[in-house]
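Let me begin by presenting the structure, written as structure tokens, before commenting on it.
The values are calculated or read from the model by the stated rules, or taken from the named source; none is laboratory data. Because the structure is a prediction, the values reported are computed rather than measured. Counting neighbours? That spans all protein chains shown, and the Cβs are built from the backbone with ideal geometry, glycine included. What goes into the accessible areas is simple: the full protein's heavy atoms, side chains included, and nothing from ligands, DNA or RNA. Shrake-Rupley method; radii C 1.70, N 1.55, O 1.52, S 1.80 Å.
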Amino acid sequence: DRLMDYQIEEAACDQAKMLGLIDDYKVGNGGYVWNQNKEYLIDRFEVGSVPLISSASISNYSFTFPHNSNHSSRTRSFSKLTHVLEKDLKCGNLLLVQRTTPRKIGRRLVGCVIDNGFTKNYKSFFLENHVNYIATENQSEFNLFGLLGWINSDLVNFIFQMRNGSTQVSVFELSIMPVQIKLLRNLTVLAKLASSSSALNRKKVVQEINSFIYDNV
């Protein structure tokens, strides 16, 4: 029902602000092109190397490094650091979003927040260009996890699917996504719980997140 589709989008955008216009947020792309830097890639940590996070480490509410799948990026989990590559270094807790999804319909936005265990072990890291990120000036849990719950919700994925017919998730498209800031504080606790729960319990929390957004948008 196309009319209902637009009514849903209108409700989500009402009293919302585009992500890119919210002062505390910065949306960007990882920028590290692995096939242009093959000579620096290694599969394990060595002195003078830093982690290289690929999209395989990102799933809904779950961050794993090194990832435990058979994805080819497993053999390039670290990169040697050079003077030229220093400009691409990232640090701290970031919200990560896959830049490419395997299909044009269904779940389009897949995001997680880098966990504290990773940032304690590694002070800096690279993000592949297949990874988009959202940073905040103060890296507060309110800003990161609240937004994570919003972006991973069924509502926002539905809107993104309406607007985008490709398999790509661009920085621009993330920047123009509507965000209802008033809901983020309540979403923070639920999104943190979803991120720390087992896969079985996470499903229940995700349902709570979707219900909360449905009831309050």
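Any idea what angle helix 2-13 forms with the longest principal axis of the chain, computed on alpha-carbon atoms, 0 to 90 degrees, nearest 10?
Taking the Cα atoms of the chain, the angle to 2-13 is about 70 degrees.
Ignoring any ligand, DNA or RNA, what whole percent of the accessible area of the chain comes from carbon and sulfur when the probe is 1.4 angstrom?
Working: 5860 of 11170 Å².
Roughly 52 percent, rounded to a whole number.
Given charges of +1 on the Cβ of Lys and Arg and -1 on the Cβ of Asp and Glu, with all other atoms neutral, how large is the dipole of the stretch 60-135 about its Cα centre, in debye to the nearest 20? Write out the running numbers ahead of the final one.
On the way: 12 positive and 4 negative charges, 52 e Å.
About 260 debye.
Students often forget the sequence filter, so: which aspartates and glutamates lie under 13 Å Cα-Cα from Lys203 once same-chain residues fewer than 8 apart are removed?
Within reach: Asp154.
Does anyone have the angle between helix 154-163 and the longest principal axis of the chain? Alpha-carbon axes, 0 to 90°, nearest 10?
On a 0 to 90 degree scale, this one is about 80.
Could you put Cys13, Cys112 in order of accessible surface area, largest first, with the 1.4 Å probe and the full protein assembly present?
On the way: Cys13 50, Cys112 0 Å².
Descending accessible area places them as Cys13, Cys112.
Taking only Cα atoms and a 10 Å spring cutoff, compute GNM fluctuations for the chain and point out the largest among Ser77, Ser198, Ser54.
Checking each option, the largest mean-square fluctuation is seen for Ser198.
Identify, among Asn201, Gln7, Asn186, the residue whose Cα sits farthest towards the positive end of the charge dipole of the chain, taking +1 on the Cβ of Lys and Arg and -1 on the Cβ of Asp and Glu, with the dipole about the Cα centre.
Asn201
What residue among Ile22, Ile114, Ile42 shows peak mean-square fluctuation when the chain is described by a Gaussian network model with Cα springs under 10 Å?
In the Gaussian network model the winner is Ile22.
Only Cα pairs within less than 10 Å get springs; with that Gaussian network setup on the chain, which residue of Gly20, Gly111, Gly149 has the largest fluctuation?
Ranking Gly20, Gly111, Gly149 by mean-square fluctuation puts Gly20 first.
Say each of Glu208 and Asp24 gets a label point 7 Å from the Cα, pointing the same way as Cα to Cβ; how far apart are those two points in nm?
My value for the distance between the label points is 2.2 nm.
Could you give the length gained on full extension between Val47 and Asn68, defined as 0.36 nm per residue of separation minus the Cα-Cα distance, in nm? Before the final figure, lay out the partial values.
Numbers: separation 21, 0.36 × 21 = 7.56 nm, distance 2.29 nm.
Between Val47 and Asn68, full extension yields an extra 5.3 nm.
Mind pulling the angle between the C-alpha long axis of helix 199-216 and the longest principal axis of the chain? Nearest 10 degrees, somewhere in 0 to 90.
With both axes taken from Cα atoms, the answer is about 40 degrees.
Suppose we take every Cα in the stretch 82-217 and form the convex hull; what volume per residue is that in Å³?
Numbers: hull volume 17.1 nm³, N = 136.
Per residue, the Cα convex hull of the stretch 82-217 comes to 126 Å³.
Between Gln36 and Ser166, what length comes free when the chain is fully extended (0.36 nm per residue of separation minus the Cα-Cα distance, one decimal in nm)?
On the way: separation 130, 0.36 × 130 = 46.80 nm, distance 2.51 nm.
Roughly 44.3 nm would be gained on extension.
Between Ser124 and Gln7, how many nm apart are label points set 7 Å from Cα along the C-beta direction?
Calculated label separation equals 5.3 nm.
Per residue, how much accessible area does the chain have with a 1.4 Å probe, in Å²? Don't skip to the end; give the middle numbers.
Details: 11170 Å² over 217 residues.
Using a 1.4 Å probe on heavy atoms only, each residue of the chain averages 51 Å².
Where the only charges are on Cβ atoms (+1 Lys, Arg; -1 Asp, Glu), what is the dipole of the chain about its Cα centre, to the nearest 20 debye? Could the numbers behind the result be given before it?
Values: 24 positive and 20 negative charges, 121 e Å.
Here the size comes out at about 580 debye.
Give me the lysines in straight-line cross-link reach of Lys204: C-alpha distance below 20 Å, same-chain residues under 8 apart excluded.
Leaving aside lysines fewer than 8 places away in the same chain, those within reach of Lys204 are Lys192.
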